[in-house]
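Single-structure report; data block below.
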Amino acid sequence: MFTQREELARRLPENGWRVAAVEESGLEWWADEIWLIESVWSPGGLRLHLTFLVDPSAGSRRAKGQRVWAVGTSAVRPADRGSAEGKPLLPLGHGWRTRLPEFFTGLSGLREAKE
């Protein structure tokens, strides 16, 4: 998951986003991390939450970064797993890099819908 996280962080600025905050501790079992991202392209100021989702079958003995299956998007900080699994959703399994353009297109669509 660390490779995926680093690649996502690297590509956010290229697509008009910045990471405003990262939550790593005190999270529910289903969230490995929650990023607050903010649009720096017009219209600026849109904030979204990206949640690194833990596989429900992972169990309680999971180390940080293990068994993360996807990144979900939400307009507000997710209160439960269902709201954290919003679209666009980026599955982090095999072929995840090929899905990055579609993920960023989805984020751009949310930015454009704000106008």
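If one puts a single equal scatterer on every Cα of the chain and applies the Debye formula without solvent, what log₁₀ I(q)/I(0) results at q = 0.14, 0.15, 0.21 Å⁻¹?
-0.52, -0.60, -1.19
Calculate one ³J(HN,Hα) per residue across region 62-75 by plugging θ = phi - 60° into the Karplus curve 6.51 cos²θ - 1.76 cosθ + 1.60, and present them in order as whole Hz with x for glycine and proline.
So the J values, rounded to whole Hz, are 8, 7, 3, x, 8, 6, 8, 9, 6, 10, x, 10, 8, 6.
Based only on other Cβ atoms within 10 Å, what is the fewest-to-most ordering of His94, His49?
The most exposed by this proxy come first: His94, His49.
DSSP loop (so not H, G, I, E, B), at most 16 other Cβ within 10 Å: list which GluC sites (Glu not before Pro) in region 1-59 pass both filters.
Glu24, Glu28
Between Arg81 and Ser57, what's the calculated FRET efficiency when r is the beta-carbon distance and R0 is 22 Å? Round to 0.05.
With a Förster radius of 22 Å, E is 0.95.
Distance from the Cα centre of region 13-62 to that of region 77-115, in angstrom?
Here the two parts' Cα centres lie 11 Å apart.
When the chain is modelled as a GNM with alpha-carbon springs shorter than 10 Å, which of Ala58, Ala70, Ala84 fluctuates the most?
For the chain, modelled as a Gaussian network with Cα springs under 10 Å, the answer is Ala58.
Any read-out appearing in this document is the output of simple, stated calculations on the displayed coordinates, not a laboratory observation. Keep in mind it's a predicted model, so treat the numbers as computed, not measured. Using ideal geometry, Cβ is built from the backbone for each residue, glycine included, and neighbour counts are taken over all protein chains shown.
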